[in-house]
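The values are calculated or read from the model by the stated rules, or taken from the named source; none is laboratory data. Keep in mind it's a predicted model, so treat the numbers as computed, not measured. Reconstructed Cβ throughout: ideal geometry from the backbone, glycine too, with neighbour counts over all protein chains shown.
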Amino acid sequence: MHLDRLYRSTAVKLAAIFFGLFLILFLIATTASYLLVSHELTDAVDDRIRAEYKIISAQLDPEVPENFAQNVQNLSELRDPQLGILLLTDKDGERLAGNVEAFPVEDGGSFSTLPQIKRGDDYAYRLYSRTVGDMQLTVGQSLEDSHELLEITLVNLAWTSGIAICLAVIGAILLSRKVQQRLRPVADTMNRIAGGDLTARIPRLKSADDLDTLSGSINNALDRLGLLVNGMQQVTTDIAHDLKTPLNRLSIIIEEAAQQEKASEMIASKLEAAQQECDNINQTFEALLRIAQIEASTRNKSHFTKVDLSNLIETVADIYSDVAIDAGMSLHTTPCHEPIFIEGDERLLMQMLVNLVENAIRHCSAHTVITITVNLDDGIPAICVADNGPGVPEAERENVLQRLYRLEQSRTTSGNGLGLALVKAIAELHDAQVRLSDNNPGDQEKRGLQVRIAFPRKSDSKMT
């Protein structure tokens, strides 16, 4: 799948949403866990120093306060000031005992750094200070162990986050692929339907999930659509076949009547006109049947052979050069200098070119120049039939490719409005694109018409 299609894929978008939500929730949970651990560690330190303060302060004997200072000094000498501090000061803030120098401290709990106690860095302490008699007792504990534990916790959370994100990415990719695998058969089936294969159906997994239920509903709709299309095709074919026989018989009877010696010239001319109308009706039905047959065989290309487009246009030019001259026109070809081959039905491609040339001869005036060109542009084989006649208005170019549609100025000429429709049907059979454009855009009276049939690009389309 190309990157632009990948980015537009609904499955990828859903996977990205899933991954984003997972990542946000995980980051919230990780942050909350870290803050909770930090809070619990701080509470544990606070509880410890309060308990220690309570035990030490209980040793004060108001009768002999100097013994209390000695006890504090003895206790302070047993602890490393980098791990915990013990300080006793008088009411003026002078140090009486302890393992650190006196420093200002607020009464109650506090958080402070002691820059005078270093091991290459400042140490953070949780302090608890209260008055004991007329003295100030401060108990503190280093947060180094707590910080190390938090660092370990943070590293663990980082590793866990990395693993979780990897799992989320893998899960998102698997989810995207799973959805794509379920949607790809639906897209393939609809492409086959669009290509004319009305028998295509979405395979079902019998999983009874939403996508399987949707596939069943689409298949039911396709079944109904297939029945309607087949019914319409059958009705069209039956009508054409049923009317073709009596019209042929009518044409024969009129022809026989016109040849009767007893018929007057007036009756004979009327019968000849009626016979011509019958012939026109037969030609219309023949064209309709031909279009229906071509459309019905859109997927059947087993009879295709290698066709040289240069040779094809030369053959058509040889056939219709004299016809164009009789109509006061000229027909020219511009073949490629080397063969241009495509896979196709040569008989139908011949019919397509004949229809385009006849259409130009029928609807253009004398002195019109008709050209047939074949070329290979960027690996795309193309045939162009152009003239310098009145052309087709831009708003009508799609309409003239429809069955039985005729321009207002063309209703007085012969024809049944099926020539270009047959051209379109044959082009679609060959997966070719039909494009109508002005041949002389600057001339509004004789802007002409250019019909370009572009065939699919093939690596071997040019062979010498």
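ASP318 falls short on exactly one of the conditions (1) under 44 Å from the mean Cα position of the chain (by Cα); (2) over 23 Å from PRO390 (Cα atoms); (3) of a type in the set (Asp, Glu), and that condition is (1).
Within segment 201-219, residues that are touching a residue at least 40 places away in the same chain (Cβ under 8 Å) have Cβ atoms under 7 Å from residues that are in a loop (DSSP other than H, G, I, E, B) in no pair, counting only partners at least 6 apart in sequence or on another chain. Each residue in segment 58-89 was checked for being among the aliphatic types (A, V, I, L, M), surrounded by 17 or more Cβ atoms within 10 Å (Cβ to Cβ) and closer than 21 Å to SER142 by Cβ, and 6 pass. With respect to (1) at pLDDT 80 or above; (2) in a loop (DSSP other than H, G, I, E, B), the lone exception for LEU420 is condition (2). When ILE370 is tested against (1) surrounded by fewer than 20 Cβ atoms within 10 Å (Cβ to Cβ); (2) hydrophobic (A, V, I, L, M, F, W, C); (3) without any contact (Cβ under 8 Å) to a residue 60 or more places away in the chain, exactly one condition is not met: (1). Checking segment 348-364 against the condition returns a match, with at least one residue being in the same structural domain as ASP438 (by TED's automatic domain parsing), closer than 14 Å to ASN439 by Cβ and not in a helix (DSSP H, G or I).
Looking across segment 28-70, the residues that are in contact (Cβ under 8 Å) with a residue 24 or more places away in the chain and acidic (Asp, Glu) come down to ASP46, GLU52. If you go through segment 153-169 and pick out every residue that is free of Cβ contacts under 8 Å to residues at least 60 places away in the same chain and surrounded by 11 or more Cβ atoms within 10 Å (Cβ to Cβ), you end up with 3. If the condition is being outside any loop (DSSP other than H, G, I, E, B) and either at pLDDT 85 or above or closer than 17 Å to VAL392 by Cβ (or both), then segment 429-445 contributes GLN433, VAL434, ARG435, LEU436, SER437. Considering (1) at pLDDT below 80; (2) farther than 28 Å from GLU151 by Cα; (3) among the acidic types (Asp, Glu), the lone condition that GLU101 does not fulfil carries the number (1). For segment 365-374, a tally of residues being in contact with a strand residue (DSSP E or B) (Cβ under 7 Å, 6 or more places away or on another chain) and assigned to a loop (DSSP other than H, G, I, E, B) returns 1. Only residues that are surrounded by fewer than 16 Cβ atoms within 10 Å (Cβ to Cβ), more than 27 Å from THR138 (Cα to Cα) and among the hydroxyl-bearing types (Ser, Thr, Tyr) were counted across segment 16-57, and they come to 3. Restricting attention to segment 113-161, the residues that are touching a Gly at 6+ places or on another chain (Cβ under 8 Å) and modelled with pLDDT under 75 add up to 0.
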